[in-house]
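Have a look at the structure below before the remarks.
Derivation of every value follows stated rules applied to the coordinates shown; laboratory data play no part. Treat the numbers as computed from the prediction; the structure is a model and nothing was measured. FYI the Cβ positions are ideal-geometry reconstructions off the backbone, even for glycines, and counts take in every protein chain you see.
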Amino acid sequence: MMNKEYLTEIEKYLKSKKLSAAVFAEVYDHFVMQISDLMTTKNISFHEAFVYTKLNWETELEMVKADFFSFRKIARIEKTIVRSRFKKIIYSSLLFSVLLGLIVPISEEMFFYSEILILLSLVSILMYNFIWKKMSFKEYQQISFHPLLLRNIIVAVITVPLFGYFSETFDFWKPILNQVILLYCVMVKIQLLYFRAKKINVLLS
């Protein structure tokens, strides 16, 4: 039978894995149910059941490097969730910036006003985070050097000039192209700030 001491031991172990609140709650429930079930069906002690359960979750709770550009280590299960979130951020930002770039041949004025609107959105979410104390200035600095931003900036800086060099038709320094790349990075940053405001883990470096 599970008692307070056992529950505290489970909680202490899972807290050492530095899981986000949502993942912690879910894994904690699984641990409690699995250990209780093992104690009942196999008629073993809590500590034996606890060892079995930890071994069963060993792969998911293994501490791994979060990202190539990150110094943090997180549980593998957390990394899987964060990477899935990253992909959504990347795809939505890429789609949005490309669609805005396609506006240029139609109306450069519309593109300009779209830029202003996006920058105002960035300022607004920053003000919201600071005024309502959703995020400290230190966290904002970390967001500015977020692995997702750094990786995509490096990829853009390397691939775009190479493509232009070999195709001889793509001018990296053309202002509109630079603006589209910057808009992409701004869209990534807006989404990172939004997730932080909602206390959703987006992996600070």
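For the chain, the relative contact order works out to 23 percent when only alpha carbon pairs closer than 8 Å and six or more residues apart are counted. Net length available on complete extension from residue 47 to residue 18 is 8.2 nm, with 0.36 nm assigned per residue and the Cα-Cα distance removed. Here the spin labels are modelled as points 7 Å beyond Cα on the Cα-Cβ line, and at residue 128 and residue 69 they lie 2.4 nm apart.
The calculated FRET efficiency for residue 102 paired with residue 151, based on their beta-carbon distance and R0 = 30 Å, is about 0.75. Dipole check for the chain: with +1 at the C-beta of Lys and Arg, -1 at the C-beta of Asp and Glu, and the Cα centre as origin, the magnitude is about 500 Debye.
If you take semi-axes √(5λ) of the Cα gyration tensor in Å from the coordinates, which of (i) 29, 21, 13; (ii) 45, 19, 13; (iii) 33, 17, 12 do you get? Among (i) 29, 21, 13; (ii) 45, 19, 13; (iii) 33, 17, 12, the one derived from this structure is (ii).
Placing a label point 7 Å from the Cα of residue 60 along the Cα-to-Cβ line, no residue of the stretch 79-116 has its backbone N under 11 Å from it.
Hull volume per residue, based on the alpha-carbon atoms of the stretch 4-61 and their convex hull, is 72 Å³.
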